[in-house]
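Asks: Dropping a structure here in structure tokens format, bear with me for questions.
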Amino acid sequence: MQLLQVLLIMKKTSVNKKTFKIAYCALIASISTVLMLLTSFIPIGTYALPIFAGALLVSIVIEYNCKWALGVYAVVSILSSFLAGDKEAVVFFIALFGYYPILKNIFESKIKNKVLVWVLKFAVFNAAAVAAFFFTTFVLGIPAEEYTVFGIYMPYLFLILGNVLFLFYDKSLTTLVMFYVKVISPKIFRNGKM
């Protein structure tokens, strides 16, 4: 809540629009990076925290544009690669959750065919999931036994389950966007974009 107060104070003072934009993007980048750093300390953080770190970029996409959001994504990706202890979480952020809110906006705003939008979303998810699997297995050296439960090799089942969870993730992101636009944005950007 204090961060919101700082932004409101900045807005009330004579801070120009470009300075506010840079400060806002830096704030989102720093919070996202801290979330990625926490993946080392929170066991379920490997999966949950990259999602939350990426979801913060929604505000930049809405308030400014995709280019600024891509810049923040790049900063968080680079800092997380060097600083975060859980490299698997970093792979998830870079491979999907960091840029997906930006891509979702592009798909939904530029493509009118809803079926095509969903086909593209699931294609991106599956490509990212398979790429992340091979990267973590062969580059990071995570043994195949990590993907075995009761002696059964589970990657295909994980991929199917992942597609179901991705649907929930996408719907949750849509709900977050609506909440942000209706509740949070008017408090920070009350008199138009800054």
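The values are calculated or read from the model by the stated rules, or taken from the named source; none is laboratory data. Fair warning: this is a prediction, and the values are worked out from it, not measured in the lab. Virtual Cβ from ideal backbone geometry, glycine too; neighbours counted across all protein chains shown. All accessible areas refer to the heavy atoms of the entire protein, side chains included, with ligands and DNA or RNA removed. Shrake-Rupley method; radii C 1.70, N 1.55, O 1.52, S 1.80 Å.
Asks: Given a Förster distance of 30 angstrom, what is the FRET efficiency for Y156 paired with I44, based on the Cβ-Cβ distance and rounded to 0.05?
Replies: 0.85
Asks: Pick out the long, greasy-scoring helices in the chain: whole DSSP H runs spanning 27 Å or more along their own axis by Cα, mean Kyte-Doolittle at least -1.0.
Replies: Helices meeting the span and hydropathy rule in the chain are 17-37, 114-134, 155-179.
Asks: Calculate, for S185 and A74, the FRET efficiency according to 1/(1 + (r/R0)^6) with r their C-beta to C-beta distance and R0 30 Å; round to the nearest 0.05.
Replies: After rounding, the FRET efficiency stands at 0.80.
Asks: Another question, then. Would you mind getting the Kirkwood hydrodynamic radius of the range 92-146 from its Cα pairs, rounded to one decimal in Å?
Replies: Computed over Cα pairs of the range 92-146, the Kirkwood hydrodynamic radius comes out at 12.4 Å.
Asks: Right, here's the next one. Using a 7 Å offset from the Cα along the Cα-to-Cβ direction at both L165 and V130, what is the distance between the two label points in nm, to one decimal?
Replies: 2.0 nm
Asks: I would also like to ask the following. Between rounded, prolate and oblate, where does the range 30-135 land on the alpha carbon gyration tensor, with a ≥ b ≥ c its root eigenvalues, rounded for a/c under 1.5, else prolate if a/b exceeds b/c?
Replies: oblate
Asks: Restricting to DSSP H runs of at least four residues, report the calculated mean residue ellipticity at 222 nm for the chain, -39500 (n - 2.57) per run over all residues, nearest 500 deg cm²/dmol.
Replies: -22500 deg cm²/dmol
Asks: Right, another one. Report, in listed order, any pair from K121/K182; K87/K182; K112/K182 with a Cα-Cα distance greater than 29 Å.
Replies: K87/K182
Asks: Could you give the accessible area per residue of the chain, probe 1.4 Å, as a whole number in Å²?
Replies: Solvent-accessible surface per residue comes out at 58 Å².
Asks: At a Cα cut-off below 19 Å, give the aspartates and glutamates reachable from K104, other chains included and same-chain residues fewer than 8 away excluded.
Replies: E63, D170
Asks: Mind giving me the nanometre distance, one decimal, between the label points for S30 and S109, set 7 Å out from Cα along Cα→Cβ?
Replies: 2.7 nm
Asks: Follow-up question, since we're still on this one. Using a Förster radius of 35 Å, what is the FRET efficiency between K67 and S172 based on their Cβ-Cβ separation? Nearest 0.05, please.
Replies: For K67 and S172, the calculated efficiency is 0.90.
Asks: A further question follows. Once you keep just the Cα pairs under 8 angstrom separated by 6 or more residues, what percentage relative contact order results for the chain?
Replies: Relative contact order here is 23 percent.
Asks: Mind checking which of V130, V115, V61 has the largest fluctuation in a GNM of the chain, springs on alpha carbons under 10 Å?
Replies: Checking each option, the largest mean-square fluctuation is seen for V115.
Asks: Next question, about the same structure. List every residue whose amide H lies under 5 Å from the amide H of D86, counting only residues 5 or more places away in sequence or on a different chain, with H placed 1.01 Å from N in the peptide plane.
Replies: S40
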